[in-house]
1. Between residue 53 and residue 80, how high is the FRET efficiency from 1/(1 + (r/R0)^6) when r is the Cβ-Cβ distance and R₀ = 22 Å? Nearest 0.05.
2. Pulled fully out, how much extra length does the chain show between residue 126 and residue 19, if you take 0.36 nm times their separation in residues and subtract their Cα-Cα distance?
3. Beta carbons within 10 angstrom, averaged per residue: use that to sort the peptides 92-104, 22-34, highest first.
4. Taking R0 as 30 Å, what's the FRET efficiency between residue 26 and residue 64 from their Cβ-Cβ distance, rounded to 0.05?
5. For residue 92 and residue 3, compute 0.36 nm times the residue count separating them, minus their Cα-Cα distance, and round to one decimal in nm.
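We did not get these values from a lab; they are worked out from the coordinates using the rules stated. Since this is a predicted model, take the numbers as computed values, not measurements. As a convention, Cβ positions derive from the backbone with ideal geometry for all residues, glycine included, and neighbour counts pool all protein chains shown.
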């Protein structure tokens, strides 16, 4: 099997690698190269107030948290903050990185977020790559 390139899209971050479900952990462990992409995800208030600096700061913190969790791994791991439009962020990351698989981390279903806008379905349809989705903060 060729070395797998994994794109991790983090709409939310796990508190540690032990919070990841076994399937997500297996994908991460089997990847030779990983690109972590976190979209900016401005809140409605931040968007209305044009407070993009705060949105970027939060995205940078989310990216650092994910990279810290992956820091002890043997793979090549890079990170980027994507556009505030999650689909555009995926488009940019996929065109540049050319992943073999996409791992998407979402908030628990009790929280609203970009996953409610049908993003996963759009990613599946547009990029035609294998996609694994897991939710942060759900037990089981």
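1. Step by step, r from the Cβ atoms, then E = 0.80.
2. 35.6 nm
3. Result, highest mean Cβ count within 10 Å first: 92-104, 22-34.
4. 0.80
5. Result: 29.9 nm gained on full extension.
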